[in-house]
Amino acid sequence: DAGVIQSPRHEVTEMGQEVTLRCKPISGHNSLFWYRQTMMRGLELLIYFNNNVPIDDSGMPEDRFSAKMPNASFSTLKIQPSEPRDSAVYFCASRLDRKETQYFGPGTRLLVL
Amino acid sequence: EDKVVQSPLSLVVHEGDTVTLNCSYEVTNFRSLLWYKQEKKAPTFLFMLTSSGIEKKSGRLSSILDKKELFSILNITATQTGDSAIYLCAGRGGQNFVFGPGTRLSVLP
């Protein structure tokens, strides 16, 4: 199994630009999580999908952030417009619903200048 | 507000030492506590604990949960340089996962 796949692995953009992060969960997993990790705030849950439906988006910082899961094998996290404080590593993780273990992707390192 | 606290935040030891990492939690509708190891990349799963007093063991690593006192410990015996990493503790409550800040462990040769 290829594990959770994220793209791009690195992104550098200028303030105000739109950024789209992509995630392909492990095949057969029906829960998907987006996390953000920074030195200051650690690992924070942004949003959680179950069977492609957003269950809890209370961690999404503000309206500039949006996430979609159009099907069981693909999710996007979009930031528009991006700001320097959005610079972080964004992780996607997936899980089989009846299991507790989440499997993390390699992360996307985002730098907003 | 749900929270997970870890201590120490940073620890430096020499190879062969034994370390104990601490995690305390306040998580609504608590279901399980998870430990992850994060080296340079993504967190990798170590243990999931749901019941008090039952030790989970994997090689030199072991962990136990106390649901009455709301804490867990992760022990690493005979540490090796490859154990150097950030160890994350997470509490699951309902649909939510709350991560602690992590303990950065450095094992010197």
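Its relative contact order, with pairs defined as Cα atoms under 8 Å and 6+ residues apart, puts chain B at 38 percent.
Ordered by 1.4 Å accessible area with all protein chains kept, B:Met48, A:Met15 run largest first as A:Met15, B:Met48. Just tell me which aspartates and glutamates come within less than 13 Å, Cα to Cα, of A:Lys24; anything on the same chain fewer than 8 places away is out. The reachable aspartates and glutamates, counting only those whose Cα sits under 13 Å from A:Lys24, are A:Asp1.
Does the protein assembly as shown classify as rounded, prolate or oblate by the C-alpha gyration tensor (a ≥ b ≥ c root eigenvalues; a/c under 1.5 gives rounded; else a/b over b/c gives prolate, otherwise oblate)? Note, shape of the protein assembly as shown comes out prolate.
Among the residues of A:101-107, the average count of other protein chain beta-carbon atoms within 10 Å of the residue beta-carbon is 5.
Total lysine pairs in chain B at Cα distances under 18 Å, for residues eight or more apart or on different chains: 6. Per residue, the solvent-accessible area of chain A (1.4 Å probe, heavy atoms of protein chains only, all protein chains present) comes to 50 Å². For the range A:14-96, GluC sites (Glu not before Pro) meeting the loop criterion (DSSP other than H, G, I, E, B) and having at most 15 other Cβ atoms within 10 Å: A:Glu14, A:Glu18, A:Glu62. Other protein chain C-beta atoms within 10 Å of residue C-beta, averaged over A:31-38: 2. Shown are B:Lys3, B:Lys37, B:Lys68, whose ranking by accessible area with a 1.4 Å probe and every protein chain present, most to least, is B:Lys68, B:Lys3, B:Lys37. Here the alpha carbons of chain A define both size measures, Rg and Dmax, at 13.2, 41 Å.
Think of each Lys and Arg Cβ as +1 and each Asp and Glu Cβ as -1; about the Cα centre, that makes the dipole of chain B roughly 300 debye. Computed on the range A:33-109, with alpha-carbon pairs under 8 angstrom and 6+ residues apart, the relative contact order is 27 percent.
The values are calculated or read from the model by the stated rules, or taken from the named source; none is laboratory data. Because the structure is a prediction, the values reported are computed rather than measured. A quick note on method: Cβ atoms are made from the backbone with ideal geometry, for glycine too, and the neighbour counts reach across all protein chains shown. Please note that ligands, DNA and RNA were not included when accessible areas were found on the heavy atoms of the full protein model with its side chains. Shrake-Rupley method; radii C 1.70, N 1.55, O 1.52, S 1.80 Å.
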